[in-house]
Ligand SMILES: Nc1ncnc2c1ncn2[C@@H]1O[C@H](COP(=O)(O)OP(=O)(O)OP(=O)(O)O)[C@@H](O)[C@H]1O
Ligand SMILES: [Mg+2]
């Protein structure tokens, strides 16, 4: 692949809800380069989460095309493999499975990827050590703090070494100290693994640390489409 | 004995005599009725049980939409999720069948503490639901199989076709 070609190419994307009455995304164009750290900001309800969900292939656009790492998300039929391998998603609430341990939660995306149980456990331990939770691998989410849970969620998102990490207000519910830790972790992941990071945030201080800030308003991007 | 019997029948035309236990069914269809009722109750029990299990599984799928959503979001295929649920329910069924059978045996034993029932019924472990009856009519037989279902075990004395 040409190194100038964007890893994410979004063009003319429309997404409606409520039988078309609600245009959550109203013609979005956006390109993101490999390894870029993009922050998406904008008022509540402007479509940030909707855009991230489309990128994570949790939903499909009504119009337009989304090509991520060579996958045409609007047209592809089976996206399980894409979801498992190419993207990792971190939600505002951790969305961990409360009955599984931290280690098991991190292993969930690895099922069906051809690893032995032992490889899965080893990789989960490595990832949890990387996010600073080496001692908590056997704890379940209710026994962890919000910041720790969010770090488990980041470890899970990285389980299959994706090219792209999507994070929807990952620090929104955290105090500033644990929020900063989570953010530093995302920066470290990006630095060390060259992962493309797209982060939705309301916090100007966090947005300021990104390579580029994408401003959204009423389902559109308000400040240009290409890399800065 | 037959002379006595025919003498009685001639003298009292509104009486019927029987000379052996086998002829009991000539006059008393209660035994067969009980068998039929027993079968009907068994079928009902199986039906109600099946609906109960189905309901539990459907509810668990509804309650677990969040969990299923998370699994799908991290790349599990629908088939993998379905497989997980089926394996879980099978495991649950096995454990429940063990408990249920043990409970059924215990209940059929317990019911014998009621004198009126003890004089009428004797538990038979096995029955219609088994491919082969296990023939445990003899009291005290050590060889028995688990009953197919709880509530299936009580059987009328002597009237069993098995
Ligand atoms: N599944 C859905 N069904 C119906 N409407 C939806 C759905 N998801 C989002 N919307 C609507 O689409 C619009 C954009 O929602 P979205 O969640 O993308 O906003 P957001 O920018 O993430 O806001 P916030 O900053 O509050 O998280 C909102 O008006 C929302 O009500
Ligand atoms: Mg949102």
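Could you please let me know if residue A:170 is surrounded by 15 or more Cβ atoms within 10 Å (Cβ to Cβ) and more than 24 Å from residue A:42 (Cβ to Cβ)?
Against the criterion (surrounded by 15 or more Cβ atoms within 10 Å (Cβ to Cβ) and more than 24 Å from residue A:42 (Cβ to Cβ)), residue A:170 does not qualify.
So in the range A:105-118, with the set limited to residues that are more than 9 Å from every other protein chain (Cβ to nearest Cβ) and touching a residue at least 12 places away in the same chain (Cβ under 8 Å), which one is surrounded by the most Cβ atoms within 10 Å (Cβ to Cβ)?
Of the range A:105-118, the ones more than 9 Å from every other protein chain (Cβ to nearest Cβ) are A:105-107, A:110, A:114-118.
Add one more test, that the residue is touching a residue at least 12 places away in the same chain (Cβ under 8 Å), and what stays is A:105-107, A:110.
Working: A:105: 28, A:106: 30, A:107: 22, A:110: 21.
Filtering the range A:105-118 for residues that are more than 9 Å from every other protein chain (Cβ to nearest Cβ) and touching a residue at least 12 places away in the same chain (Cβ under 8 Å), the one surrounded by the most Cβ atoms within 10 Å (Cβ to Cβ) comes out as A:106.
Considering only residues that are within 13 Å of another protein chain (Cβ to nearest Cβ) and under 17 Å from residue A:202 (Cα atoms), which ones fall in the range A:146-191?
Passing the criteria: A:166, A:168.
Among the residues of the range A:126-149, which ones are within 12 Å of residue A:102 (Cβ to Cβ), within 21 Å of the chain's Cα centre (by Cα) and surrounded by 17 or more Cβ atoms within 10 Å (Cβ to Cβ)?
A:127, A:128, A:131, A:133, A:141, A:148, A:149
Can you say whether residue A:121 is surrounded by 15 or more Cβ atoms within 10 Å (Cβ to Cβ), over 14 Å from residue B:76 (Cβ atoms) and more than 16 Å from ligand 2 (Cβ to nearest atom), as far as the supplied structure shows?
Answer is yes for this residue.
From B:75, B:69, which residue is modelled with pLDDT of 90 or more and at positive phi?
B:75
Hey, can you tell me all the residues within the range A:97-122 that are assigned to a helix (DSSP H, G or I) and in contact with a helix residue (DSSP H, G or I) (Cβ under 7 Å, 6 or more places away or on another chain)? Steps first, answer last, please.
The first filter runs over the range A:97-122 and keeps only residues assigned to a helix (DSSP H, G or I), leaving A:102-110, A:117-122.
Of everything in the range A:97-122, those that are assigned to a helix (DSSP H, G or I) and in contact with a helix residue (DSSP H, G or I) (Cβ under 7 Å, 6 or more places away or on another chain) turn out to be A:102, A:103, A:105, A:106, A:107, A:108, A:109, A:110, A:120, A:121.
Here is a check on your reading of the model: is residue A:162 within 16 Å of ligand 1 (Cβ to nearest atom), farther than 17 Å from residue A:46 by Cβ and in contact (Cβ under 8 Å) with a residue 12 or more places away in the chain?
When the stated conditions are applied, residue A:162 does not pass them.
With the requirement that a residue be within 16 Å of ligand 1 (Cβ to nearest atom) and touching a helix residue (DSSP H, G or I) at 6+ places or on another chain (Cβ under 9 Å), what does the range A:58-80 give you?
Scanning the range A:58-80 gives A:58, A:59, A:60, A:61, A:66.
Considering the range B:31-59 alone, what residues qualify as being under 30 Å from residue A:98 (Cβ atoms) and in contact (Cβ under 8 Å) with a residue 24 or more places away in the chain?
B:53, B:57 - these are the residues of the range B:31-59 that are under 30 Å from residue A:98 (Cβ atoms) and in contact (Cβ under 8 Å) with a residue 24 or more places away in the chain.
Return the residue satisfying two criteria in turn: it lies in the range A:20-57 and is in a loop (DSSP other than H, G, I, E, B) and more than 10 Å from ligand 1 (Cβ to nearest atom), and of such residues it is nearest to the other protein chains (Cβ to nearest Cβ).
Across the range A:20-57, the extreme among qualifying residues is A:56.
Consider only pairs whose beta carbons are under 8 Å apart and that are at least six residues apart or on different chains; among these, list those whose first residue lies in the range A:3-20 and is over 16 Å from residue A:59 (Cβ atoms) and whose second residue is within 16 Å of ligand 2 (Cβ to nearest atom) and at pLDDT below 90.
Once the first residue is over 16 Å from residue A:59 (Cβ atoms) and sits in the range A:3-20, no partner that is within 16 Å of ligand 2 (Cβ to nearest atom) and at pLDDT below 90 comes close enough.
Could you run through the range A:83-103 and say how many residues are within 28 Å of residue A:35 (Cβ to Cβ), at the interface with chain B (Cβ under 8 Å from one of its Cβ atoms) and free of Cβ contacts under 8 Å to residues at least 60 places away in the same chain?
Looking only at that region, the number is 2.
Filter the range A:27-63 down to residues that are within 16 Å of ligand 2 (Cβ to nearest atom) and touching a strand residue (DSSP E or B) at 6+ places or on another chain (Cβ under 9 Å), then give me how many there are.
Matching residues across the range A:27-63 total 21.
Please state which of the following conditions residue A:66 fails to meet, knowing it meets all the rest: (1) away from ligand 2 (no atom under 14 Å from the Cβ); (2) modelled with pLDDT of 95 or more; (3) within 17 Å of residue A:158 (Cα to Cα).
Failed condition: (3).
The values are calculated or read from the model by the stated rules, or taken from the named source; none is laboratory data. As the structure is a computational prediction, the values presented were derived from the model and not from experiment. Heads up, the Cβs are rebuilt from the backbone with ideal geometry, glycines too, and the neighbour counts pull from every protein chain shown.
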